[in-house]
Amino acid sequence: MSDPFEVFLMAPPGFETVLADEVREKGFADPKTVPGGVTMQGDWPDVWRANLQLRGAGRVLARFAEFRTMHLAQLDKRSRKLDWASILRKDVPVRVEATCRKSRIYHAKAAQQRVERAITEELGAPLASDAALTVRVRIEDDMCTLSLDTSGEPLHKRGHKAAVGKAPMRESMAAMFLRQCGYTGTEPVLDPMCGSGTFVIEAAEIAAGLYPGRTRRFAFEDLANFDRVAWDAMKAGNTLVQPANRFYGSDRDAGAIQSCIANADRAGVAEWTEFTHAAVSDLQRPEGPPGLVIVNPPYGTRIGNKKLLYAIYGAFGQTMKERFSGWRVGMITTEAGLAKTTGLPFTSGPPIPHGGLKVRLFQTPRLR
Ligand SMILES: C[S@@+](CC[C@H](N)C(=O)[O-])C[C@H]1O[C@@H](n2cnc3c(N)ncnc32)[C@H](O)[C@@H]1O
């Protein structure tokens, strides 16, 4: 196959080291954290596997070329010399995006046009503004890096969630929060305000060892170097583990529970999940060993008002203290004041941007 090249794994800001942990754990070579993600050296099968198996990455970019460029004529010449046919197909539309920073070439649109021309005139592939395949051109300090977005749709779209609630958590973020809580798939997980069921389904998939990308399509499937037989073999290597625990979700919104049931079914985890229509104050402790409660209650300006919010957090804290001894709690919210209202012994993590706000993970040790 090809020589190794740099692969960039996008992470939500603040999750770089958590993603690097996952990358290492899944057997990729020597990941390095950089702002906004993780880099590693890899080949095309590594790119496919990263898309298929990594839960925390937002996208996988293959950095297939890098050269110095001082002016547009040089960019034009160097772009034309690239072996486009080894990567792109003549019959698959592509779009080009460019950014310039601290460089002699400062006109991003002009840079984009040079690369577009190289692709259309040297290879003959069509351009389309809505193409699923994107070539990214980044010129920084006069260094031009060309990358292919090999994911297409962002990776948090696992491909089996039809129904979403009011303020759903992205699956990639949910997976990273679960990891930050020390969840490895070997304990029960419960989300008492589960919305569309993201945490519960993600936790069940992790326990069952299911690859997050098992049912979706990726942009790399349209590249010239794609090998369908090798890809199918890679996907077939996903052996299911029978989870030893159950995964519970509840919400006071009956519609949300309907969505959860449908989503869990589509994800193939219905057998291990239980969804109940209940307010957090009526929540009962499940039978069996204690595990992890993970929740992102309503917060901030997104839904609800402050007074109601304090009541919800108070009720949540009360239920945990009364009925969940031995369980750990991970709660994602915007304000330390709201976390404090629960009366739970929380320590807080770093701020993470989410939906235009900054959220934090508040964690407890096992409750007494
Ligand atoms: C921010 S959303 C959770 C989103 C969820 N993590 C997801 O990914 O879809 C908050 C949820 O809390 C639920 N909720 C609010 N107050 C509640 C209460 N007192 N008891 C149970 N659920 C409640 C809402 O119905 C809503 O679905």
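Structure above, values below:
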{"item": "Selected residue [within 11 Å of the ligand (Cβ to nearest atom), part of a loop (DSSP other than H, G, I, E, B) and surrounded by fewer than 20 Cβ atoms within 10 Å (Cβ to Cβ)] from 326, 300", "result": "300"}
{"item": "Residue 280 being under 16 Å from residue 195 (Cα atoms) and either in contact (Cβ under 8 Å) with a residue 40 or more places away in the chain or surrounded by fewer than 19 Cβ atoms within 10 Å (Cβ to Cβ) (or both)", "result": "yes"}
{"item": "Out of 205, 187, 221, sole residue that is within 16 Å of the chain's Cα centre (by Cα) and acidic (Asp, Glu)", "result": "205"}
{"item": "Subset of the stretch 62-105 that is surrounded by fewer than 18 Cβ atoms within 10 Å (Cβ to Cβ) and in contact with a His (Cβ under 9 Å, 6 or more places away or on another chain) - its residue that is nearest to residue 129 (Cα to Cα)", "result": "72"}
{"item": "Any hit, the stretch 199-220, residues being over 21 Å from residue 285 (Cα atoms), surrounded by 17 or more Cβ atoms within 10 Å (Cβ to Cβ), among the polar types (S, T, N, Q) and touching a residue at least 12 places away in the same chain (Cβ under 8 Å)", "result": "no"}
{"item": "Qualifying strands (runs of 3 or more DSSP E) (wholly inside the stretch 1-99; at least 2 residues being farther than 23 Å from residue 210 by Cβ and in contact with a Phe, Trp or Tyr (Cβ under 7 Å, 6 or more places away or on another chain))", "result": "37-42, 60-68"}
{"item": "Selection count where residues are part of a helix (DSSP H, G or I) and within 14 Å of the ligand (Cβ to nearest atom), scope the stretch 253-277", "result": "12"}
{"item": "Single match in 197, 152, 165, 182 (criterion: within 12 Å of the ligand (Cβ to nearest atom), modelled with pLDDT of 95 or more and not hydrophobic (A, V, I, L, M, F, W, C))", "result": "197"}
{"item": "Selection from the stretch 334-363 of residues that are over 14 Å from residue 298 (Cβ atoms) and in a loop (DSSP other than H, G, I, E, B)", "result": "343, 344, 345, 346, 349, 350, 351, 356"}
{"item": "Test: residue 312 is surrounded by 20 or more Cβ atoms within 10 Å (Cβ to Cβ), in a helix (DSSP H, G or I) and aliphatic (A, V, I, L, M)", "result": "yes"}
{"item": "Any hit, the stretch 212-234, residues being within 16 Å of the ligand (Cβ to nearest atom) and under 26 Å from residue 156 (Cβ atoms)", "result": "yes"}
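The values are calculated or read from the model by the stated rules, or taken from the named source; none is laboratory data. Just so you know, these numbers come straight off a predicted model, no measurement behind them. Quick reminder, even Gly has a Cβ in these numbers, built from the backbone with ideal geometry, and neighbours come from all protein chains shown.
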